[in-house]
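Everything below concerns the one structure shown next.
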Protein chains: 2
Amino acid sequence: MSRPGRRGRATIEDVAKLAGVSRQTVSRAVNDMAEITPSTKQRVLEAVRTLGYRPSRFARGLVKQDTTTIGLIISDLVNPFFPEVAAGVLAAAEHRGWHVVVCDTQYSQERELAALEVLSHQADAIVGYLSYPDDELERHAGGVPLVLLERPGSSPRLGSVSIDIEGGVLAGMRHLVSSGHNRIGMLDGAPYPSANGRRQHYLSVSHELGLAVDDGWVFDCDHSVEGGASAMEALLGAHPDVTAVFAFNDLVAVGAVQAARGLGRQVPADCAVIGFDGLQLGELVDPPLTTLHIDKRRIGELAVEQVALILSEQTNAATHWPVVRPRLVIRRSA
Amino acid sequence: MSRPGRRGRATIEDVAKLAGVSRQTVSRAVNDMAEITPSTKQRVLEAVRTLGYRPSRFARGLVKQDTTTIGLIISDLVNPFFPEVAAGVLAAAEHRGWHVVVCDTQYSQERELAALEVLSHQADAIVGYLSYPDDELERHAGGVPLVLLERPGSSPRLGSVSIDIEGGVLAGMRHLVSSGHNRIGMLDGAPYPSANGRRQHYLSVSHELGLAVDDGWVFDCDHSVEGGASAMEALLGAHPDVTAVFAFNDLVAVGAVQAARGLGRQVPADCAVIGFDGLQLGELVDPPLTTLHIDKRRIGELAVEQVALILSEQTNAATHWPVVRPRLVIRRSA
DNA sequence: TTGTAAGCGTTATCAG
DNA sequence: CTGATAACGCTTACAA
């Protein structure tokens, strides 16, 4: 005995009963297919309305296997970097008629795990900023294709979209050196997925360019304005003679500028600052931020293309790992 | 005859066959339930791995009616305002174990409709910045509960979280007037959902305060820095004697500051500017932006609470429509 | 511990 | 044009 509302919502069966037709006919009316008389359609639709009937997405998805959902895991929606990547993912997904479920990890590995857990059940593929080692990721993804953002994947089972960090660092450091700097410090993002590479490349490039700096010139910080500010204070404390700073990202760079000023230094006169990602914010602060601009939307779009590739192959394997190249944008801070 | 991969993915049946057990046993192994011998569990799990089996979320969702998905429709992920709202939604949803599917309309009504279309089929409730009239929305939502953001809902079927625009405008205008301004212009967001109210309240408050301004002192613009800049130029062109500007939001305000300066005016000396939403950006520009700060995360959280309420009542009706109050934050621009 | 049977709510197929 | 009937893939009883 199936009362409407027995388990909450009315089913197609309930509608059929009320309208005095078969489930099939209800289906035809609801999805306005052709083979149905206007009058019956009316009657059915009325029953639908009075019962507040809505088709179950699960039942529908079960029978017509066509809806694709991709899970997006990002670190922090409030960092302007990520929404741009997300916008790229959303646009590319919408273009394909896919849905996107978004999770924000707040840089927490625990949340990252939870997100993987959820999305491995709810999505057909996962794209995101992930921090666990490849093998652990594969285990927790439970067979769902994975596309890593800003990080190369070791196995062919893992797609990836990365950034040419080395090229970016090289371009940035060269710019600073050619502007006459040789005591260049670095503010690195605290170790987290997207944090990889900058520090190492900073050190090797510094070495190549003959700069007398080492690990002691690098200070870790949160990926935020506040983080950048306090790390900058630490750097200036340890190396008061620093004349330029290579920042992990634009947020950090802005914080560095503020801290430098707070300590009485002019930017760029006393200390130059260069950012790394090219947020709009950088154009609006004073002085405008010199930065290595990254096409963030493109990262998201490329990630979805990767998913499409992987999903279309029965091998479930990626064959091509795109790399996005930063572009030096010179403004006034360096 | 069901070959694994007949329709793409292996099913529980395929695994059962390969492991030589029943589907039930596979289910027990996969969801690691208690009543199963370790050895068989091993065997099953191995079959799972070789077949690359993943349970269908649709089949699972069909039988255990517990997954809740909420659809979030925002106008523009790249406007820093929206990610904060979204972050609130995500946090509150995660707290409840709900999933969030995000759509970005790019301020396009066409996309808004498409998003409604999709989400009305894929979500248990929709939260978002919507521009269509209530009745149209209800029609397109096809019975899915709706929570309107920054806009009151007329029917009890519509939840909403709004902002006390009137209070905000009043506080802002009073601040400007008490600072000695009486020729105050306005840059209003181009008519779109969240755009409602500011202009009207600006006009009535101006009238109350005895200011000699009218519609001609209001210029529409995109909700962006660029939009604010060009509208500011227009305003300064039409009313060169303007001494203060009430901006639609902080992005617009920043643009206004830039334009004012570009035309040789000091801010706030020659022309004060006040924003409306309290982005972090406002603290970082020069001069720091005076603004009416809005708790954007809270908007998202309240929206999810509304959804929970609506979903829990069988009436499907909202009974309480929260209002978020702006808070005047005085910095240097006004 | 394991298997069997009965749904979950839809759509597709094929008669009528 | 309409209605049985059979999937769709999984879980929850209930038997064995």
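List of remarks:
- Residue match in region A:61-68 (condition: crowded, with 18+ Cβ neighbours inside 10 Å and either among the basic types (Lys, Arg) or within 16 Å of DNA strand C (Cβ to nearest atom) (or both)): yes
- Of residues in region B:101-131 being within 11 Å of chain A (Cβ to nearest Cβ) and of a type in the set (Ser, Thr, Tyr), the one nearest to B:Arg157 (Cα to Cα): B:Ser120
- Of all residues in region A:19-60, those satisfying the criterion of being within 8 Å of chain B (Cβ to nearest Cβ) and within 6 Å of DNA strand C (Cβ to nearest atom) are A:Pro55, A:Ser56, A:Ala59, A:Arg60.
- Against the criterion of being charged (D, E, K, R) and more than 11 Å from DNA strand D (Cβ to nearest atom), B:Glu84 qualifies.
- Residue within region A:188-209 that is under 30 Å from the mean Cα position of the chain (by Cα) and over 26 Å from A:Val323 (Cβ atoms) present: no
- B:Val101 being modelled with pLDDT of 95 or more, in contact with a His (Cβ under 6 Å, 6 or more places away or on another chain), of a type in the set (Val, Ile, Thr) and open to solvent by less than 20 Å² (accessible area, probe 1.4 Å): yes
- When B:Val15 is tested against the conditions (1) aliphatic (A, V, I, L, M); (2) within 11 Å of chain A (Cβ to nearest Cβ); (3) crowded, with 16+ Cβ neighbours inside 10 Å, the lone failure is (2).
- For region B:27-47, the set of residues classified as within 10 Å of DNA strand D (Cβ to nearest atom) and modelled with pLDDT of 90 or more consists of B:Ser27, B:Arg28, B:Ala29, B:Val30, listed by residue number.
- Each residue in region A:43-74 was checked for being farther than 24 Å from A:Ile310 by Cα and of a type in the set (Ser, Thr, Tyr), and 3 pass.
- When region B:69-88 is filtered for residues that are assigned to a loop (DSSP other than H, G, I, E, B) and within 7 Å of chain A (Cβ to nearest Cβ), the ones remaining, listed by number, are B:Leu77, B:Val78, B:Pro80.
- Residues of region A:94-105 include at least one that is more than 16 Å from DNA strand C (Cβ to nearest atom) and of a type in the set (Asp, Glu).
- Restricting region A:89-98 to residues that are open to solvent by less than 20 Å² (accessible area, probe 1.4 Å) and over 9 Å from the mean Cα position of the chain (by Cα), the residue that is farthest from A:Ser312 (Cα to Cα): A:Leu90
- Within region B:283-295, the residues that satisfy the criterion of being more than 8 Å from chain A (Cβ to nearest Cβ), surrounded by fewer than 23 Cβ atoms within 10 Å (Cβ to Cβ) and in contact with a strand residue (DSSP E or B) (Cβ under 8 Å, 6 or more places away or on another chain) are B:His293, B:Asp295.
- A:Ala317 out of contact with any Gly (no Cβ under 7 Å at 6 or more places or on another chain), small (Gly, Ala, Ser) and under 19 Å from A:Ile126 (Cβ atoms): yes
- Complete set of residues in region B:13-26 that are more than 19 Å from A:Ser120 (Cβ to Cβ), within 12 Å of DNA strand D (Cβ to nearest atom) and among the aliphatic types (A, V, I, L, M): B:Ala16, B:Val21
The values are calculated or read from the model by the stated rules, or taken from the named source; none is laboratory data. Remember, predicted model here, so these are calculated numbers, not experimental data. When we count neighbours, we look across all protein chains shown, and the Cβ atoms used for this are built from the backbone with ideal geometry, even at glycine. With ligands, DNA and RNA removed, areas are computed over all heavy atoms of the protein, side chains included. Shrake-Rupley method; radii C 1.70, N 1.55, O 1.52, S 1.80 Å.
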